[in-house]
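The values are calculated or read from the model by the stated rules, or taken from the named source; none is laboratory data. Worth saying up front: this structure is predicted, and the values here are computed from it rather than measured. Don't worry about glycine lacking a Cβ; one is built from the backbone with ideal geometry, like all the others, and counts go over all protein chains shown. Just so you know, the surface numbers come from the protein's heavy atoms only, side chains and all, with ligands and any DNA or RNA stripped out. Shrake-Rupley method; radii C 1.70, N 1.55, O 1.52, S 1.80 Å.
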Amino acid sequence: MRPHVAPALVLAGLALAGARPSVAQRPTSTGALPQLGQAPLRDVVAALTDSEKVRLVVGTGLILPAGMGAGASAAFPPAMRGPAPTADDAPPRVPGAAGTTHAVRRLGIPSITVSDGPAGVRIDPIRRGPDGKPDSSRTYYATAFPVGTLLASSWDTALVRRVGVAFGEEVRDYGVDVLLGPGMNIHRNPLGGRNFEYYSEDPLVTGSMAAAIVNGIQAAGVGTSIKHFAANEQEFNRMRLNEAIGERALRELYLKGFQIAVARAQPWTVMSSYNLVNGTHTAESRDLLTDLLRGEFGFRGLVMSDWFGGEDPVAMLAAGNDLLMPGTGGQAQAVMAALASGTLTRAALDTNVTRMLELVLKSPTFRGVPHSDRPDLAAHAAVSRHAAAESMVLLRNEARVGTANARRALPLAGGAAVALFGNTSYGLIAGGTGSGDVNRAYTVSLPQGMDSAGLRVDPALASVYTRYLAAERAKLPPRSGMALFAPPPTIAELSPDAALARQAAERADAAVVTLGRIAGEGQDRKVADDFALRAPERALLEQVAKAFHARGKPVVVVLNVGGPIEVASWRGLADAILLAWQPGQEAGHAIADVLSGRVNPSGKLATTWPVRYTDVPSATDFPGHLLPGASGPSNMLVGQPSANSYGEGIYVGYRYYRTFRVAPAYAFGHGLSYTTFRHDGLQVAGAPNGAADSMTVTATVTNSGRVAGREVAQVYVSAPTTTALPKPERELKGFAKTALLQPGQSATLTFRLGAADLASFDPAASAWVADAGTYTVRVAGSSDAEGARASFQLPQRLIIEQSRRLLAPRAPVAELRAAR
């Protein structure tokens, strides 16, 4: 999302944050003046002055996090300072929130508060007392829930909705009106710096998960802002990056998830993105924000900008971007000048203002909903732990050849002695950095989790790591200012010691090696020492594998990462690999729940893990390049003119790997269990004959193993392909997760697919079409599995929905059509 922010110092003369949140700002009646909520909305709009209207659509200004220090404001030029405060403005009610809107007290219009929070409410955990000093006697920590990529790996929308319910309660209880999330951009490339915030490479998974969490959060009577609309798949020069995207890819991949979320959840707001698409800032595109989002998708809420997004505030408002955040004095002046000159009509501005007031009317602040500042953090921690454990992905689980019982490495036996290796074992990563971070009270360590699960951590080895990490952390310089949004410095992995590994192997029953990665806002990941293993990590794995395998003891690797890393070259050293992603504040408990077998892993990959980075279809284009003559600062606040071509077109993730027969390290949808499952009994009834028709797909999932478990059934459709409209080899069209199945127990799952689910976007016809021919349906456990299959015929080509050209590029955008 933003250059980001959250608490204490407001630029441009706004008051210091720190006052206790107030109740709703509802003035008493002022005679004949219409009051919001009492008079018709059109009368309230008519009673506003031009300057009041402008204030309503331009936020109050940037709020900086309390821990950044006063000098941090130097990073923000004067042009980024907020509008001059008015008598209606008051100190922010929620210190650490990302932004506020202006109040107009004479008409009963209060200020509302928005907060960062894709993984938890991002506010200040410590507030200032009456003396202006931090008051630690009362804290305002929020729950750090699992990151978006981990939640999507559950493939369980009911579970994600339960997370949303807990999340929404904290939003409400801390006095926030709108949560700035969820993030739902596509995992186009594994190096995307903010991929951890996003759900998947697939728009159906993305839209389904976003809708589930939005419905959960908004059940508490607070709002959400789905983001970033659209195509914000990289952090490189994000403010000025022009992305060349073909219309088919734009509609089928990068917009489809938003369409699903709007249809199923109607979020209160949508956030426009920083980037340009085909030469137009998304925040200034009427094509995108009005014709498509409101016209075709049926969105009924407000659109706000990302923080300092767009260049022309007048164009943004005219396009349908109703609220400019966090708001600057320059924006307010430009809009006033445009009104005076007629460049911006009052009718257009009144439309923006009306949407703003509709949002205020729904807000807890306007409705006078009390907030306790005391959410049930213990209950929400339990939700976080459960969701994390249910979503983790077991990538690998082998038996040691030559061992007496040849049992698989996981689950670990009850009471087993475990040697914990790896720096991250003693400092788990709850989530990523930037606006997606959460000010939480704690992160459960892996030793804590192991202990609570009845597993015995080798104390001698733990002592070595504890001393080493304490000494290395003491050497790190203090962090302040904008550095707080960047990933922390990496501490070199403890140098492998053959004697240490041998001694641990003598004492312990198994080794667990945790490898960690963290990324975040403002920069993308790198291949060297991030996607690829660092040399000390590889050396550590080799030493541990040699020592433990010599004694017939298993080696388990836990991946505490925000995005894929290279595994193919070293996975043979590990008997089991558990992908924990970034599990939130209950990380240690959740990981131990799976390692111990208390929870049978049932997560599935929502993003493909490639064998090597060069296999990624966007590898040669990502993250983009500077344009000739570009100069000046390049950071998350300003950036330089840059370009990026989405030349792979629709062939992202498994759509590429399956179609062009490129073997991944782990396929989309892959995930093992401590039991096995069988998919069969597939039946397809009622092939569509018209655009409004649908069909029913049923299949049976059976637990064919010896342990109770849950399975995800994934429905893939292979469509007929033509020269004019080539198709991926298969595409996900539905999914469902079973309840807990006992050994031998079966569940029959039913899916309803409409004609629209068979359609592709034909740019030449500006329409969604389903071609005539043979379609194949598969229900399987991953995109690479054959599972059960059946076919049906579509007798004629169907025009599902006619559209119009969207964000036409200034030059043709080539799409990948042949194997590389």
Computed from the beta carbon distance with a Förster radius of 22 Å, FRET efficiency for Ala219 and Ala441 to the nearest 0.05 stands at 0.35
By the mean-Cβ-within-10 Å protection proxy, highest first, 192-198, 495-501, 58-64 rank as 192-198, 58-64, 495-501
In degrees, nearest 10, the alpha-carbon axis of helix 157-173 is tilted away from the dominant principal axis of the alpha carbons of the chain by 50 degrees
Over 19 Å (Cα to Cα) among Lys604/Lys737; Lys256/Lys727; Lys227/Lys256; Lys256/Lys733; Lys133/Lys475 -> Lys133/Lys475
Whole-Å distance linking the alpha carbon centroid of the stretch 224-247 with that of the stretch 777-805 is 29 Å
Relative contact order in percent for the stretch 107-152 (Cα pairs under 8 Å, 6+ apart) equals 34 percent
The stretch 432-481 and the stretch 320-366 have their Cα centres apart by a whole-number Å value of 46 Å
In whole Hz, the Karplus estimates of ³J(HN,Hα) for the stretch 655-665 (6.51, -1.76, 1.60; θ = phi - 60°; x where Gly or Pro) are 4, 7, 4, 5, 5, 9, 6, 9, 6, x, 5
Residues other than Gln523 with Cβ under 12 Å of its Cβ, Lys/Arg counted +1 and Asp/Glu -1, net out at 0
Descending packing, highest mean Cβ count within 10 Å first, for 199-206, 742-749 is 199-206, 742-749
Glu311 neighbourhood, Cβ < 12 Å, K/R = +1, D/E = -1, net charge -1
The value for the stretch 256-407 (convex hull of the alpha-carbon atoms, volume per residue, Å³) is 216 Å³
The rounded separation in angstrom of the Cα centers of the stretch 504-522 and the stretch 146-178 is 28 Å
By the mean-Cβ-within-10 Å protection proxy, highest first, 144-150, 795-801, 563-569, 292-298 rank as 144-150, 563-569, 292-298, 795-801
Lys and Arg at +1, Asp and Glu at -1: neighbours of Ala379 with Cβ under 14 Å from its Cβ sum to -2
In degrees rounded to 10, the 0-90 angle between helix 203-218 Cα long axis and the longest Cα principal axis of the chain is 60 degrees
Dividing the mean separation of Cα pairs under 8 Å (6+ apart) by the residue count of the chain yields a relative contact order in percent of 14 percent
Relative contact order in percent for the stretch 195-306 (Cα pairs under 8 Å, 6+ apart) equals 32 percent
Expressed per residue, the solvent accessible area of the stretch 522-679 in Å² (1.4 Å probe) is about 31 Å²
Carbon plus sulfur, as percent of the 1.4 Å-probe accessible area of the chain, comes to 53 percent
Taking a straight Cα-to-Cα line shorter than 22 Å from Lys53, and setting aside same-chain lysines fewer than 8 residues away, one finds Lys362
DSSP beta bridges in the chain: the antiparallel percent, rounded to 5, is 60 percent
The helix 377-391 Cα axis meets the longest alpha-carbon principal axis of the chain at an angle in degrees, between 0 and 90 and rounded to 10, of 50 degrees
Contour minus Cα-Cα span, Ala764 to Asp680, at 0.36 nm per residue, comes to 26.3 nm
The extension gain from Arg467 to Arg797, computed as 0.36 nm times the residue separation minus the Cα-Cα distance, is 111.9 nm
Here the gain from full extension of Asp135 to Asp376, 0.36 nm per residue of separation minus their alpha-carbon distance, amounts to 84.7 nm
